[in-house]
Amino acid sequence: MRAALVGVDFGKGDFAASLEELSLLAKSAGAAPVTTVTCRRASPDAALFVGSGKAQEIKDAIADLDLELIIFNHALSPAQQRNLERLLETRVVDRTSLILDIFAQRAQSHEGKVQVELAQLQHLATRLIRGWTHLERQKGGIGLRGPGETQLETDRRLLGERVKALRAKMGKLSRQRATQRRSRGRSQTFSVSLVGYTNAGKSTLFNVLTKAGVYAADQLFATLDTTSRRIYLGEAGNMVLSDTVGFIRELPHQLVAAFRATLEETIHADLLLHVVDAASPVRMDQIEQVNLVLKEIGADHIPQMLVWNKIDAAGQEPGVERDEYDKIRRVFISARTGDGVDLLRTALSEFALGDLALDAAVPGDSVSLGSASDTHTA
């Protein structure tokens, strides 16, 4: 599907990196970006987001390049999206809709599919606005007279019922996960979750550490469903490692809410391995974005170990960096080549042994290994 990318520079952050990310998102969704339209503004136009002149430029590009889709690198209001589609006579999607579409394509597990549908319906609810062509009152008649309701009200009611059913299903799945975690807690199994920006290499690292064969690709959101595997760390014993969905800037709030059950694996971990793309020029911004999402889901108190991945592309050497307390702060590796992975295993073992020793020193707290862990520094 031939598409145009539209980005507005409001003078915040790395605009070029944001557009490059939008192009990757579009390709991940199956679109073919043909052209990019950009402009600078102090604030969005209330009606069209980009203003009438730039909207006309987009319309001309649609005719000249035979475009079928317009993708905005921003969240559009329902009114803005409707006004743009009416003017351009072409389908318009915003960043939120694009990410939701990718998630819908990638979800494999039953839980993942339920979560994506819930997020999509919550997003759709904000799009049920007046201006539809079929909102006249439903016709009454003999034997059919009554209060009646508009199509809009019917749609909202049906959508609300479906959302309620999906939330109930998610609650059941969440309780099942809690039971599994309690079982791990009773066996005192140390748990680690991989977190990081999308396409940082988490699934590749997960496969290297666990030999699990999880799908890994050079694309955004290759992993949506949390996968957990047990690995052996020698003296430190067994450990459960979980691979989670990647984070991204301006991750739709509906997705954060819907995936909260999956991300509970992260919330209840003893340690977060924060995987960073060492070769990315915006890696510090990506670290910040991941930490913002971790805060939003209530996982910002869990100790982190930074894993500087893709050192082969960044021209760096494998190694370990410690803080002033001799705690491991960063491990430099390449999950693709395997360089430095042995250092990471050693670092995990060291942390787990320290955590277990600390836990043993706190009587009556053996069920929850992570409860005392936040005394560690990242």
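Overview of results
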| item | result |
| --- | --- |
| When residues of the range 23-56 are limited to those that are part of a helix (DSSP H, G or I) and of a type outside the set (S, T, Y), the one nearest to E250 (Cα to Cα) | L25 |
| Failed item, numbered, when T227 is tested on (1) open to solvent by less than 20 Å² (accessible area, probe 1.4 Å); (2) modelled with pLDDT under 80 | (1) |
| Residue within the range 347-360 that is exposed (fewer than 15 other Cβ atoms within 10 Å of the Cβ) and modelled with pLDDT under 95 present | yes |
| Tally, over the range 74-107, of residues that are of a type in the set (A, V, I, L, M), open to solvent by 20 Å² or more (accessible area, probe 1.4 Å) and under 19 Å from the mean Cα position of the chain (by Cα) | 2 |
| Count of the range 293-305 residues which are outside any loop (DSSP other than H, G, I, E, B), surrounded by fewer than 20 Cβ atoms within 10 Å (Cβ to Cβ) and either among the basic types (K, R) or touching a residue at least 60 places away in the same chain (Cβ under 8 Å) (or both) | 1 |
| Residue list for the range 234-251, restricted to those being in a strand (DSSP E or B) and within 20 Å of V275 (Cβ to Cβ) | M239, V240, L241, S242, D243, F247 |
| Subset of the range 272-292 (residues that are out of contact with any Lys or Arg (no Cβ under 6 Å at 6 or more places or on another chain), surrounded by fewer than 21 Cβ atoms within 10 Å (Cβ to Cβ) and not in a loop (DSSP other than H, G, I, E, B)) | R283, M284, D285, I287, E288, N291, L292 |
| Subset of the range 4-22 (residues that are of a type in the set (A, V, I, L, M, F, W, C) and either assigned to a loop (DSSP other than H, G, I, E, B) or touching a residue at least 24 places away in the same chain (Cβ under 8 Å) (or both)) | A4, L5, V6, V8, F10, A17, L19, L22 |
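The values are calculated or read from the model by the stated rules, or taken from the named source; none is laboratory data. Nothing here was measured: the structure is a model prediction, and the numbers come from that model. Methodologically, a virtual Cβ is constructed for each residue, glycine included, from the backbone with ideal geometry; neighbour enumeration extends over all protein chains shown. Areas reflect the complete protein model, heavy atoms only, side chains present, ligands, DNA and RNA absent. Shrake-Rupley method; radii C 1.70, N 1.55, O 1.52, S 1.80 Å.
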